[in-house]
Amino acid sequence: MNQSDLEELYQQVILDHSRRPRNAGELPSPPAIKVHGDNPSCGDEIDLFVQFNEDGSLGDIKFSGQGCAISQASASLMTIKTKGKSRAEVDALLKAFHHLLNNHEEEPDEILGDVQLLQGVWKFPQRVKCATLAWRALEQAIADDASSTEVTTESPS
Ligand code: ZN
């Protein structure tokens, strides 16, 4: 795929997911873990709800909130990729996602699917936080067994 095709696809996927976010909504918390994510540099906010199965896999995941197209699209893409996945698979996705944004000249990891397109945000450093917000919230949900917690892109990762 050449560069202009890739950019067109990037625009299409971002617009599609920001207009019609998948897995939008809320889950009862508890038992779901709720993480409020905040990206003050852009004004993006997200409430992420993660329902873990007993084996640690992600039984269900939903999000609500408001923000720019990239933050919403990234959250939508993230929920699609992680829903129903085992803990090890989610860990691998999180790792691949961070690698994607920090190594824009490398071929993305195929496990990311459409999430690969978010690699395009490296050209807009302020937008990297928008793309990262939902993923930071998921990391927080996994790391913290509290039923409600918060994360911000302004804190060290
Ligand atoms: Zn944003």
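The values are calculated or read from the model by the stated rules, or taken from the named source; none is laboratory data. All of these numbers come straight from a predicted model, not from anything done at the bench. Cβ: placed from backbone, ideal geometry, glycine included. Neighbour counts: every protein chain shown.
Of the residues screened, ALA134 is one that is touching a residue at least 24 places away in the same chain (Cβ under 8 Å), outside any strand (DSSP E or B), surrounded by 22 or more Cβ atoms within 10 Å (Cβ to Cβ) and touching a strand residue (DSSP E or B) at 6+ places or on another chain (Cβ under 7 Å). Each residue in the range 32-81 was checked for being within 11 Å of the ligand (Cβ to nearest atom), polar (S, T, N, Q) and in a loop (DSSP other than H, G, I, E, B), and 1 pass.
Is it fair to say SER29 is surrounded by fewer than 19 Cβ atoms within 10 Å (Cβ to Cβ), hydroxyl-bearing (Ser, Thr, Tyr) and part of a loop (DSSP other than H, G, I, E, B)? Considered against the rule, which asks whether it is surrounded by fewer than 19 Cβ atoms within 10 Å (Cβ to Cβ), hydroxyl-bearing (Ser, Thr, Tyr) and part of a loop (DSSP other than H, G, I, E, B), SER29 comes out as yes.
Can you find even one residue in the range 105-117 that is within 16 Å of the ligand (Cβ to nearest atom) and at pLDDT 90 or above? Among the residues of the range 105-117, not one is within 16 Å of the ligand (Cβ to nearest atom) and at pLDDT 90 or above, which makes the answer no. Of all the numbered requirements in (1) of a type in the set (Phe, Trp, Tyr); (2) under 11 Å from the mean Cα position of the chain (by Cα); (3) within 16 Å of the ligand (Cβ to nearest atom), PHE124 misses one, and that requirement is (2).
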